[in-house]
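J.: Quick one: this structure, given as structure tokens, is what I'll be asking you about.
The values are calculated or read from the model by the stated rules, or taken from the named source; none is laboratory data. Source: prediction; values computed, not measured. Cβ placement follows ideal geometry from the backbone for every residue including glycine, while neighbour counts extend to all protein chains displayed. These accessible areas exclude ligands, DNA and RNA; they are computed on the full protein's heavy atoms, side chains included. Shrake-Rupley method; radii C 1.70, N 1.55, O 1.52, S 1.80 Å.
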Amino acid sequence: MEGKRSHIVSNETGSFSNHYIYRISKRSADILISLCALVFLSPIFLLVWILDTFSISNRGPVFYRQIRVGYHGKKFGMYKFRSMVVGAEQKLYKNEKMYKEYVANNYKLEPDNDPRITKLGQFLRKSSIDEIPQFINILFGDMSIVGPRPVIEPELSEYSDVNKLLSIKPGAMGLWQASGRSNIGYPERASIEMTYVDDCSFFLDIKIIFMNVFNIFRGKGAY
């Protein structure tokens, strides 16, 4: 009996140790990759700024900062290159018909039915270039390279176990995106994200990164 108990304690200790190593290694990789990405992709920041400056339809701030729910429920501003007209979020909430359609369509609007998206914004979204500023969030520790996509507060109602979802950092790339992104809505999206929370590992993270990069080049589910 004593030997069996010792074996159980040993397994629990080993599991905790492996989890701790995984978290530390993942954070180290997040810092290194985000720093390199921000330096390497800095010309894109400059290009988008120039396009914003000279664009009549898209003139305004380069970045859009939307409040999302992160690790352990902490809210943070997630950065994107702005792809909509200035004040787009307020226009959505004020238009009851548009907001109902937005919620019914998994908290998104089809690009062709969304009057808030600019011409430049359509390109930024389709190419996923609008997501590049999230490396800033990753560097600051709000997000990780891989993890469930950070959600806005109303989306939490789609998840049966919110505490479990928020028990790990949200990511710029996730299993839901790798599986089809906007082509997959709730409740299937919630199930996919929770699967990652249960099975997260180095191997799965690498697999998700490659799957996401492949989907970005295909333009799959991006809008």
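J.: Take the solvent-accessible surface of the protein heavy atoms, probe 1.4 Å, and return the percent of it on the chain that carbon and sulfur atoms account for.
T.: For the chain, the apolar C and S fraction of the accessible surface comes to 62 percent.
J.: Give me the net charge for the shell around ASN58: Cβ to Cβ below 13 angstrom, other residues only, Lys and Arg +1, Asp and Glu -1.
T.: Result for the local shell: +3.
J.: Something else: Could you work out the helix-only [θ] at 222 nm for the chain, with each DSSP H run of four or more residues adding -39,500 (n - 2.57) and the total divided by the number of residues, to the nearest 500 deg cm²/dmol?
T.: -17000 deg cm²/dmol
J.: Then there's this: Looking at the stretch 70-115, which trypsin sites (Lys or Arg not before Pro) are in a loop (DSSP not H, G, I, E or B) and have at most 14 other Cβ atoms within 10 Å?
T.: Qualifying residues, ordered by number: LYS74, LYS108.
J.: Can you sort TYR79, TYR93 by 1.4 Å-probe accessible area, starting with the largest?
T.: Ranked from most to least accessible, the order is TYR93, TYR79.
J.: Which value, in nm² and rounded to one decimal, describes the direction-averaged projected area of the C-alpha convex hull of the stretch 95-212?
T.: The orientation-averaged projected area of the Cα hull of the stretch 95-212 comes to 7.8 nm².
J.: Which label marks the calculated value of log10 I(q)/I(0) by the Debye sum over Cα atoms at q = 0.08, 0.13, 0.17 Å⁻¹, given the options (1) -0.27, -0.77, -1.46; (2) -0.32, -0.80, -1.35; (3) -0.29, -0.72, -1.16?
T.: It is the value labelled (2).
J.: Still on this structure, I have one more. Averaged per residue, what accessible area in Å² does the chain show with a 1.4 Å probe, protein chains only?
T.: Normalised by residue count, the accessible surface of the chain is 57 Å².
J.: Quick one: which residues, 5 or more positions from ARG82 or on another chain, have an amide H under 5 Å from its amide H? H modelled 1.01 Å from N in the peptide plane, none for Pro or chain starts.
T.: PHE63, TYR64
J.: Using the Kyte-Doolittle scale, find the helices of the chain whose mean hydropathy is at least -0.5 and whose Cα atoms extend 18 Å or more along the helix's long axis, counting only whole DSSP H runs.
T.: 2-40, 42-54, 202-218
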